[in-house]
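Here the structure is laid out as structure tokens; the discussion comes afterwards.
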Amino acid sequence: MSNEGSTQDRTNDTNLFYSSPYNQALGLRPLNWPKDGCVLCLPYQAHLVGDLDSGAVHAGAISGLIDTTFGQAVYTCIPRVFATLDLRIDHIRRSTAGRDLICAAACYKHTAQLAFVRGSVYHDDPADPIATAVAIFMFTDAVQQVFAAGRSHEPG
Amino acid sequence: MSLAEAVRAARGTRDWQRLVQALPFANFLQLRIDVRGELLTCVLPAQERLVGNRTLPALHGGATAGFMDCAAILFLLWRTDAVTLPKAIDFNIDFLRSAKVQETFAEMHLVKLGARVANVRVLAWQTEPEKPIAIGHGNFLLAP
């Protein structure tokens, strides 16, 4: 599961980001942190290919890019400790061999216990997505937070 | 070696690990295939580089997701006559428990095999199948 620390300092965020061995193994690079989200880059690498015939990056590597970007988007919105509850990915089209992938994510809603994120993956044009995704994250420090707030903001 | 050649070689020799060699990302994850009778299990060895959170420590959700996606594709190459790579149309994962840095297993269930699309359910677990760390399901396009 994706988990992050609980500091508001952006320098520490970057350190947290790089301290994740899997983010390093994938070679993920931060591009931009809009106020409600995150934009990361997955550089094209031969060992991430899923289809030798086309050279396209494997859907599973794209899942890693999405999970990390989405988690960072949550943390940008609300710096708390969380875990991925569910992740849904639609693979719209095959990526092009040799080209980097960009994932842009926005945390569009958060409650006392949950954060809702959507985003997409593309080469350089957000209007021409390779994948779109939605995910729900659960704050793992929620019990204390809800207790401190005295009420819950859960939907339903 | 092209994918079609690798698939034919794996089917001919029943050495299913050859499929992993034909999938660079599966190789990157160091994925293993274990076939016992009518059951194929994919194994993701414990690796420090798959960690998402050093503090817990826990496997990265993206690594678990990538493993399950690979496992479903390898399962379809084993279970069907496809010689082209099944392509994920969509994939959904529910993360059920924190994944520890230990060996992870994936077992697949072919929910439906249509002419063009296969629906596959993937169960990922570590210590026992009754305590899954994640469950996923996806639709895979069988022919281009």
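Bear in mind that the values in this text are calculations on the coordinates, not laboratory data. All values reported here derive from a predicted model rather than from experimental measurement. Glycine also receives a Cβ, built like all others from the backbone with ideal geometry; neighbour counts cover every protein chain displayed.
Quick notes
- DSSP loop trypsin sites (Lys or Arg not before Pro) with at most 10 other Cβ within 10 Å excluded, longest remaining stretch of chain B: B:15-115
- Shape annotation for the protein assembly as shown: C-alpha extents along the principal axes are 63, 43, 35 Å, from largest to smallest.
- When both segment A:45-78 and segment A:82-141 are represented by their alpha-carbon centers, they are found 10 Å apart.
- Listed by chain and number, the aspartates and glutamates whose alpha-carbon sits under 16 Å from that of residue B:131, ignoring those within fewer than 8 places in the same chain, are B:94, B:103, B:107.
- Considering only B:84, B:65, B:52, the residue lying farthest towards the positive end of the dipole of segment B:47-93 is B:52, judged by Cα position with unit charges set on Cβ.
- Hits among aspartates and glutamates - C-alpha to C-alpha of residue B:87 under 12 Å, sequence gap 8 or more where chains match: A:51, A:90, B:69
- By the rule of a C-alpha distance below 19 Å, with chain neighbours fewer than 8 residues away ignored, the aspartates and glutamates paired with residue A:109 are A:4, A:36, A:67, A:86, A:141, A:154.
- In chain B, the longest principal axis of the Cα atoms and the axis of helix B:3-13 are about 90 degrees apart.
- Mean residue ellipticity (222 nm) of the protein assembly as shown, computed from DSSP H runs ≥ 4 via -39,500 (n - 2.57), nearest 500: -8000 deg cm²/dmol
- Rounded if a/c under 1.5, otherwise prolate or oblate - segment B:1-85, Cα gyration tensor axes: prolate
- Least to most buried among B:77, B:113, A:114 (fewest other Cβ within 10 Å first): B:113, A:114, B:77
- Debye intensity ratio I(q)/I(0), log10, segment B:3-141, q values 0.13 Å⁻¹ (C-alpha model): -0.52
- Proxy reagent accessibility, fewest Cβ within 10 Å first, across B:68, A:138, B:1, B:108: B:1, A:138, B:108, B:68
- Share of pairwise Cα separations in segment A:52-130, more than 22 Å, in percent: 28 percent
- Most positive-pole-ward Cα, B:124, A:44, A:135, against dipole of the protein assembly as shown from beta carbon charges: B:124
- Among B:104, B:41, B:13: highest mean-square fluctuation, GNM of chain B, C-alpha pairs under 10 Å: B:13
- Shown here for segment B:1-66: GluC sites (Glu not before Pro) in loop regions (DSSP other than H, G, I, E, B) with at most 15 other Cβ atoms within 10 Å, namely B:38.
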